[in-house]
Amino acid sequence: MLFRAGCGVLLVGLSALTGCDHVPSEFSYSEATSELMPAAETAVKKTLDETFGTPEDPTIPHYFPVDRGGTVVTIEDIPEDAANAVLLEATDEELNLPQSAQFLFDPEDAFDVRMEAAEEELPNPLAELSGLKATSFAADSSLLQFNTDLPDVELIEPGLEIAINPNHKLKQASQLYAQHCLHCHGVTGDGNGPTAQFMQPPPRDYRAGIFKFTSTGPQDKISTADLKYVLEEGIPGTYMPSFNMLPDEQLNLLVDYVKFLSMRGETEKNLNIEVGLDFSKVVLEEELEDVEDPEERKEIEADFEEELQEFLTFDYPEIALYAKLDLAEAWENADDESAVLYPSIARPDPNAPSLANPEVSSIENGRLLYLSKDAQCASCHGDTGRGNGYQTFQFQKKQDGSLYEVVGLHDAWGNPLEPRNLTTGIYRGGRRPIDVFRRIYAGIKGTPMPVFGGRGLSDEQIWDIVNYLLTMPQG
């Protein structure tokens, strides 16, 4: 993000590259999607488009933990004499009709209806609800009418909730994102906005769902509170500024839109992994690698395509559903209080005897641990904390086992990464003692900074290291 409050405060003189109020009309797809077989590529793109919409008209299923907006009402009864209406439970909500409407079906129940129809080679009856609008509401009779007759399915029953004008907050958030964030983070949240090429470190790519600075455990997503903290405080030492001058409502909208972009990107990534295992172009090329006979090649290609079509018809819909449900659950769990890391003991007095090694002070024991082979802090950060440890002069391995072309550490996105110079007092994830504790305990996601909590260092030892690190800027 480059802007503090609008188009006028661009940190580099490139604001003319994109208009502040214009919301581009299309999300892009990842390179991995284009590596799938054409029919599989089309299926993944269709899933993304139907699930998440466009930048101008973003949508997200109701089971994702995003405040997408919408007034929720509940069906009390189904009138026998009106195929395009339902009776609502008493509500004080102002509906301001006509508005778009969405039945909040249980996603697994809706999936069953779809697959039962497919098995009978019939259209999905719930598809008739596409473009549904609530047109009028009679408060005296509680009758809510729609712009079309409702399908005759058992899922539409008393107790079912209906969202009126869903996703309207996402639309507002999309416009705010275009104004404040798009220039760096890009339309799709891929960290490739018009000004990104001029930044080091580069803007975050949200699509992998990896965020460095969190209060949650090593395997947990970033929490909503963590994202808001980053917006409020910025990230010192980077181009990410503080947005604490924005109203709280706008901050919340931006947080939800960042989550939305991350969820879209993760859905695409997870589907590509599942589908690409068997139905990528590379897989077909490997099957054809040693086959020279043209007729045999055609037969292999035909069988491959037949298997793909069968997969897309019977297996892919369930894979796509649970990819989304599992992802939604992971994000929801990150906001549970149990996901937040809290030390088992309070921070000890830095100058008092160490609770882990009473023969020396907490600061001194932190220094000893910092230089030790167990913690190996100095291997990256250097003996004096200046970010010049020996790891920064060696070629590091990529995930595939090959070496990076540039010496030093790299992050999960393949970008060169300098260890923090701890003598400057600039801590990108926050300078509160609890922030530094969490960086050591849980590591920094997407970076070589490892997890130490529960894996070799006690809370007492971690606090000693924190106390020592916080003395480094003092010389």
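When segment 115-147 is limited to residues that are hydroxyl-bearing (Ser, Thr, Tyr) and surrounded by 14 or more Cβ atoms within 10 Å (Cβ to Cβ), the one that is nearest to the chain's Cα centre (by Cα) turns out to be THR135. Would you say PRO55 is within 26 Å of the chain's Cα centre (by Cα), in contact (Cβ under 8 Å) with a residue 40 or more places away in the chain and in a loop (DSSP other than H, G, I, E, B)? When the stated conditions are applied, PRO55 passes them. When restricted to residues that are among the aliphatic types (A, V, I, L, M) and in contact (Cβ under 8 Å) with a residue 60 or more places away in the chain, segment 121-160 contains 5. Restricting attention to segment 380-408, the residues that are in contact with a strand residue (DSSP E or B) (Cβ under 7 Å, 6 or more places away or on another chain), loosely packed, with under 13 Cβ neighbours inside 10 Å and over 23 Å from LEU422 (Cβ atoms) total 3.
In a residue-by-residue description of segment 278-294, the property of being crowded, with 16+ Cβ neighbours inside 10 Å, touching a helix residue (DSSP H, G or I) at 6+ places or on another chain (Cβ under 7 Å) and assigned to a helix (DSSP H, G or I) applies to at least one position. Within segment 453-467, being in a loop (DSSP other than H, G, I, E, B) and modelled with pLDDT under 95 holds for GLY454, ARG455, GLY456. Checking each residue in segment 365-387 for being in contact (Cβ under 8 Å) with a residue 24 or more places away in the chain and either over 32 Å from the mean Cα position of the chain (by Cα) or not in a loop (DSSP other than H, G, I, E, B) (or both) picks out ASN365, GLY366, ARG367, LEU369, TYR370, ASP374, CYS380, HIS381, GLY382, THR384, GLY385, ARG386. Name every residue in segment 196-209 that is crowded, with 17+ Cβ neighbours inside 10 Å and either in contact with a strand residue (DSSP E or B) (Cβ under 9 Å, 6 or more places away or on another chain) or more than 22 Å from PHE260 (Cα to Cα) (or both), in order of residue number. The answer is MET199, PRO201.
Among residues of segment 307-332 that are among the charged types (D, E, K, R), those with a beta-carbon under 7 Å from a residue that is in a helix (DSSP H, G or I) and modelled with pLDDT of 95 or more at least six positions away or on a different chain give the pairs LYS324/THR51; LYS324/THR267. Note on segment 340-364: residues that are of a type in the set (A, V, I, L, M, F, W, C) and in contact (Cβ under 8 Å) with a residue 24 or more places away in the chain total 6. Checking LEU254, LEU176, LEU170, LEU261 one by one, the residue that is closer than 26 Å to GLU50 by Cβ, in contact with a Phe, Trp or Tyr (Cβ under 6 Å, 6 or more places away or on another chain), modelled with pLDDT of 95 or more and not β-branched (Val, Ile, Thr) is LEU261 and no other.
Quick check: is even one residue across segment 431-441 more than 21 Å from the chain's Cα centre (by Cα), at pLDDT below 90 and not assigned by TED's automatic domain parsing to the domain that holds GLY237? Yes; the residues of segment 431-441 include at least one that is more than 21 Å from the chain's Cα centre (by Cα), at pLDDT below 90 and not assigned by TED's automatic domain parsing to the domain that holds GLY237. When each of ASP411, ASP400 is tested for being acidic (Asp, Glu) and touching a residue at least 24 places away in the same chain (Cβ under 8 Å), the lone residue that passes is ASP411.
Among the residues here, PHE279 qualifies as out of contact with any Cys (no Cβ under 6 Å at 6 or more places or on another chain), over 30 Å from GLY453 (Cβ atoms) and modelled with pLDDT of 95 or more. Here ARG204 passes the criteria (1) over 12 Å from the mean Cα position of the chain (by Cα); (2) at pLDDT below 95; (3) within 25 Å of LYS324 (Cα to Cα) except the one numbered (1).
The values are calculated or read from the model by the stated rules, or taken from the named source; none is laboratory data. Note that the structure is a prediction, hence the values are computed from the model and not measured. All Cβ positions, glycine included, derive from the backbone under ideal geometry; neighbour counts span all protein chains shown.
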